[in-house]
Amino acid sequence: MGTKKILEILKQTIIDGNRKATPALAQKAIDMEVPPYTIVTDACSPAMAEVGELYQQGEYFVPEILMSAKAFESAMAIIEPLLKSKKLELAGTVVLGVCEGDIHSIGKNLVATMLEAGGFNVIDLGTDVPAKKFIATAIKSNADIIGVSALMTTSMIGMKDIVHMVKEEGLGVKVMVGGGPVNQEYADSIGANAYGRDAMDAVRVARNLMEDIRGS
Ligand code: B12
C-alpha cells in the first residue's frame, strides 16, 4: 500500500467515526515513514473539514460529528507525541483558548498541536474561556501571543473584549484570532494583530508576530 492510499483510508475512517480502527491506521502510516506532520495535514485535518461540510449539507448530525471527533482524537493520540518529540528552539509562548460560551474544541486543538510542533510553548486554556482569563494567564506567564478561537458568530464577539483589555492594560502581548466565522476583515475591525486561516497558517502567523516582537 502506498502513502497516498493509507492517508486516504485514515481520512475516510475518521469521517466514518470508526475510532477503533484509527489508532492502528495512524501507526501504520508512521511505520511507513509518512512524516507525522503530513499525516495531520493530509488525513486528520481534511477529514474534520469534510465532516463539517457533511453537517452543513444535512447529511451528518451531532452524534456522527462526535464519533468523528473521537476517531480524530484517537488518531491524534498516536501522532502527537511524535510531533512534540522534535527538539526545537522555543519559538515563543502562546496562551490559547476558545471564546466564552463556545465549546468547539477540534480546531483549537489542531492549532495547539501545530504550534507545539512548530516549537511554541502552548498554554491551552480549553473552551468557554472568559476574556479576563486570557488576560490574567498572559500576564502571569509573560506570554508573547494570545491565540483566540471561535466557531460561532455569537461567541466571536469575545475576541473584541480581549483586544480591548490588552490595549487598556497596555500589554505587549499580540492577539491572533481564527475559527470558522472569523476572517481577516473581522480581525482588522476589532484591532487584532493577526488572523490565521487554519492550523498550519497559525504557525506562520505566530512566527511573523514573533519577528515583530523581537524586532521592536
Ligand atoms: C463539530 C461541531 C460541533 C461539535 C463540537 C465538538 C468539539 N469537541 O469541538 C458539537 C456537536 C459539540 C457542536 C455543538 C454546537 N454547535 Co457546532 N459545529 C461543529 C461543526 C460541524 C464542525 C466544527 C469543526 O470541528 N470543524 C473542523 C475544524 C478542524 O475546523 P475549525 O474549527 O474551523 O478550525 C480550523 C480553522 O478555523 C482554524 N482555527 C480555529 N481556531 C483558530 C484559532 C486561531 C488563533 C487560529 C490562528 C486559527 C484557528 O484552524 C483550525 C484547523 O485548521 C461546525 C460546522 C462547520 N462547518 O464548521 C458546527 C457549527 C460551528 N456549530 C454550530 C452550532 C450552532 C452549534 C450548537 C449551538 C448546536 C446546538 N444547537 O446545540 C452547539 C454549540 C455549543 C456551544 N455552546 O459551543 C454552528 C455555528 C453557527 C454560527 N455561525 O454561529 C456551525 C457553524 C454549524 C452550522 N452551520 O449551523 N458543534
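Bear in mind that the values in this text are calculations on the coordinates, not laboratory data. Quick caveat: nothing in here was measured; it's all calculated off a predicted structure. Using ideal geometry, Cβ is built from the backbone for each residue, glycine included, and neighbour counts are taken over all protein chains shown.
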Exercise. Among rounded, prolate and oblate, which fits region 92-215 when a ≥ b ≥ c are the square roots of the eigenvalues of its C-alpha gyration tensor, a/c under 1.5 means rounded, and a/b larger than b/c means prolate?
Worked result: rounded
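On full extension of the chain, what length is gained from residue 18 through residue 54, given 0.36 nm per residue of separation minus the C-alpha to C-alpha distance? Before the final figure, lay out the partial values.
Values: separation 36, 0.36 × 36 = 12.96 nm, distance 1.62 nm.
Roughly 11.3 nm would be gained on extension.
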Problem set entry | Residues of region 104-148 with amide N under 16 Å of the 7 Å Cα→Cβ point at residue 66 | 104-106
For this session: Once you have the Cα-Cα distance between residue 139 and residue 154, take 0.36 nm times their residue separation minus that, and quote the gain in nm to one decimal.
Result: 2.7 nm
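In Å³ and rounded to a whole number, note down the convex hull volume per residue for the Cα atoms of region 32-115.
Details: hull volume 9.2 nm³, N = 84.
Dividing the Cα hull volume of region 32-115 by its residue count gives 110 Å³.
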Exercise. Could you work out the helix-only [θ] at 222 nm for the chain, with each DSSP H run of four or more residues adding -39,500 (n - 2.57) and the total divided by the number of residues, to the nearest 500 deg cm²/dmol?
Worked result: -17500 deg cm²/dmol
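How do 189-195, 99-105 rank on mean C-beta neighbours within 10 Å, highest first? Can you show the working numbers first?
Values: 189-195: 17.6, 99-105: 19.3.
Going from most to least packed, we get 99-105, 189-195.
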Exercise. Within region 61-216, how many lysine pairs that are 8 or more places apart, or on different chains, have C-alpha atoms less than 14 Å apart?
Worked result: 4
Problem set entry | Extension gain, residue 121 back to residue 207 (0.36 nm per residue minus Cα-Cα distance, nm) | 29.7 nm
Exercise. With each pseudo-label sitting 7 Å past Cα toward Cβ, what's the residue 171-residue 5 distance in nm, one decimal?
Worked result: 5.1
Exercise. For the chain, list the DSSP H helices whose alpha carbon atoms reach 15 Å or more along the long axis and whose average Kyte-Doolittle value is -1.0 or above?
Worked result: 3-15, 45-56, 62-85, 106-117, 131-141, 157-168, 199-215
